[in-house]
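This report concerns only the one structure given below.
The values are calculated or read from the model by the stated rules, or taken from the named source; none is laboratory data. Please read these numbers as outputs of a predicted model, since none were measured by experiment. Here Cβ is always computed from backbone atoms with ideal geometry, including for glycine, and neighbour counts include all displayed protein chains.
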Amino acid sequence: MGVTINVSGVDKVFSPAGGHDIGVLDRLSVVFAAGSITGIIGPSGSGKSTLLHIIGTLETPTAGTVTYDGTPAPSTEKDLAAFRRDHIGFVFQQHHLIPHLTVLENVLVPELAGKGKRLAGDALSRANLLLGRVGLSERTQHKPAELSGGECQRVAVVRALLQNPDIVLADEPTGALDASTAANLLDLLLELQREDGFTLIVVTHTPEIAARLGRIVRLEAGKLVEVDG
Ligand SMILES: Nc1ncnc2c1ncn2[C@@H]1O[C@H](COP(=O)(O)OP(=O)(O)O)[C@@H](O)[C@H]1O
Ligand SMILES: [Mg+2]
């Protein structure tokens, strides 16, 4: 579990139609070791989400490469979707749960969407197991509107972990939560990381969150710099 992510010489330039080019990442290189935990900080607009999207294969770099245990992601859209589903879990600032589905159904959405076939029994049991693991076994038949923000975000974490990903990418996962709920969500992410050993990258604005992530890197002028302590 956990793969080494090697980002090498990555440039990202957005070229909006009729506008000026926006250079966001500039020859950026960084290695995230298998099973490591890294916090990414940096000012708003510095490209943190862009970098996470490139690592997560949601966005393509303008130049440079990203490899996963030495291998690039597949190039066709279909293979890429399968690669993402099987290896990468995303947690965003907003939980993006589907309002008319139950908690359990929400967790199973990527499984159903990705495979286009009947649900495998092991996915259902893992969903129930993980929901229990995050303290939500009594809430599996509830709709998102009946849950608190922190509970919804825990459901989003379970959804991200359902396929047993090698990599979990979290983009300001606690940004919409109050301080104590945020601390609890981080506890949970770190516990699950310890159990499953996935490579974890967390973008955060919050110094208290960053301080608990071991390695911290700051995105500045298109490059990453290591932050001590
Ligand atoms: N799809 C896009 N098209 C044009 N510009 C974009 C796009 N996505 C992001 N940007 C620009 O890239 C810069 C970095 O954005 P982002 O990665 O979201 O920063 P952060 O997550 O650090 O706040 C910003 O100037 C943003 O406006
Ligand atoms: Mg962002």
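Do we find that Val109 is modelled with pLDDT under 95, out of contact with any Pro (no Cβ under 9 Å at 6 or more places or on another chain), surrounded by 13 or more Cβ atoms within 10 Å (Cβ to Cβ) and not in a loop (DSSP other than H, G, I, E, B) in this structure? Can you show your working first?
Working: modelled with pLDDT under 95: yes; out of contact with any Pro (no Cβ under 9 Å at 6 or more places or on another chain): yes; surrounded by 13 or more Cβ atoms within 10 Å (Cβ to Cβ): yes; not in a loop (DSSP other than H, G, I, E, B): yes.
Yes, satisfied.
What residue, of Gly70, Gly35, Gly45, Gly18, is on the phi > 0 side of the Ramachandran plot and under 17 Å from the mean Cα position of the chain (by Cα)?
Gly35
Before we move on, is Ile55 under 25 Å from Ala211 (Cβ atoms), near ligand 1 (Cβ under 9 Å from one of its atoms), touching a residue at least 60 places away in the same chain (Cβ under 8 Å) and among the β-branched types (Val, Ile, Thr)? Walk me through how you get there before you give the answer.
Working: under 25 Å from Ala211 (Cβ atoms): yes; near ligand 1 (Cβ under 9 Å from one of its atoms): no; touching a residue at least 60 places away in the same chain (Cβ under 8 Å): yes; among the β-branched types (Val, Ile, Thr): yes.
In short, no.
Here are Ile88, Ile98: which of them is modelled with pLDDT of 95 or more and under 14 Å from the mean Cα position of the chain (by Cα)? First the steps, then the outcome.
On the way: Ile98 fails: under 14 Å from the mean Cα position of the chain (by Cα).
From the options Ile88, Ile98, the qualifying one is Ile88.
Being within 13 Å of Val225 (Cα to Cα), more than 7 Å from ligand 1 (Cβ to nearest atom) and among the charged types (D, E, K, R) narrows it down to one residue among Asp21, Asp26; which is it?
On the way: Asp21 fails: within 13 Å of Val225 (Cα to Cα).
Checking each option against the conditions leaves just Asp26.
Can you confirm whether segment 157-178 contains a residue that is under 24 Å from Ser49 (Cα atoms), aliphatic (A, V, I, L, M), in contact with a strand residue (DSSP E or B) (Cβ under 7 Å, 6 or more places away or on another chain) and within 16 Å of ligand 2 (Cβ to nearest atom)? Yes, segment 157-178 contains a residue that is under 24 Å from Ser49 (Cα atoms), aliphatic (A, V, I, L, M), in contact with a strand residue (DSSP E or B) (Cβ under 7 Å, 6 or more places away or on another chain) and within 16 Å of ligand 2 (Cβ to nearest atom).
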